[in-house]
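Here is the structure we will look at.
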Amino acid sequence: MSQLSNLYLFLYNSLQSFGWALALFRVLSSFLLTKSIHGAYASAGELICFLQTAAFLEVIHGAIGLVPSGALLPLMQWGGRTHFLLAIVRGITEVQELPSVFITFLAWSLSEIIRYPHYALSCLGHCPSWITYLRYTAFIVLFPIGVAPGEMWLMYQALPYIKAKHLYGDSFLGLPISYYNFVQVVLLCYPFLWLKLYVHLFKQRKSKLSRRHEKKKKM
């Protein structure tokens, strides 16, 4: 990788690290000040929307070979999160104060303040082993929490509002399916798509941590 590409990736991951740390700070500050979990979107929602939208760059990074991840899995994860965030949470004000928003934002923020610093420090070639371990271990707990009581539960809770408002009613160009039906299908498919990503992360964990263990043995 060229020095320019490496510098770009370092800056991108550093900015995302800072953004997600700020988002976590805002979510937790709101919780501590109000003693309520209902203000997560009001405190950090727009910032998280921006950070998640900007993360489409990671799909491009994989597609052009800037990183070895490829484009498919990053696109699946980005698409699922962005649809959930922009189309449902941002688009339906009635769901913005639900506990599932707090759960999702907390799980996402904790994940990203580990993932992005790991990537940024790896660009420098000096990533501490404990950050690498956290990067490939914390997801075991955080990923299911973000998906089940977070994203899936909120989408289910949003269904009555979607139906009542006939939300995005003109989005399917006359096809015999409404956005309400689309979200129902997404909810049915979500566990299978999530499991594919989850299994992939476990494979990554085995590969990365065993490689680190082998390096330690040689030292």
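The values are calculated or read from the model by the stated rules, or taken from the named source; none is laboratory data. Everything numeric in this text was worked out from a predicted model, so none of it was measured. Positions of Cβ are backbone-derived with ideal geometry, glycine not excepted, and every protein chain shown enters the neighbour counts. Surface areas here come from the heavy atoms of the whole protein model, side chains and all, with no ligands, DNA or RNA. Shrake-Rupley method; radii C 1.70, N 1.55, O 1.52, S 1.80 Å.
Leu195 passes every criterion in (1) farther than 23 Å from Leu72 by Cβ; (2) open to solvent by 30 Å² or more (accessible area, probe 1.4 Å); (3) assigned to a helix (DSSP H, G or I) apart from (1). Beta carbons closer than 8 Å, at least 6 apart along the sequence or on distinct chains, pair a first residue in region 104-123 that is under 17 Å from Leu85 (Cβ atoms) with a second that is hydroxyl-bearing (Ser, Thr, Tyr) and crowded, with 21+ Cβ neighbours inside 10 Å for Phe105/Tyr41. Those helices (runs of 4 or more DSSP H) of region 1-114 that lie entirely within it include none in which at least 3 residues are of a type in the set (Asp, Glu) and either on the phi < 0 side of the Ramachandran plot or modelled with pLDDT of 95 or more (or both). The residue that is most open to solvent (accessible area, probe 1.4 Å), among those in region 115-139 that are in a helix (DSSP H, G or I) and more than 18 Å from Ser14 (Cβ to Cβ), is Trp130. Evaluated against (1) of a type in the set (A, V, I, L, M, F, W, C); (2) out of contact with any Phe, Trp or Tyr (no Cβ under 8 Å at 6 or more places or on another chain); (3) more than 21 Å from Val89 (Cα to Cα), Leu9 falls short on exactly one condition, (2). No other residue among Leu142, Leu175, Leu167 is crowded, with 18+ Cβ neighbours inside 10 Å and outside any helix (DSSP H, G or I) apart from Leu167.
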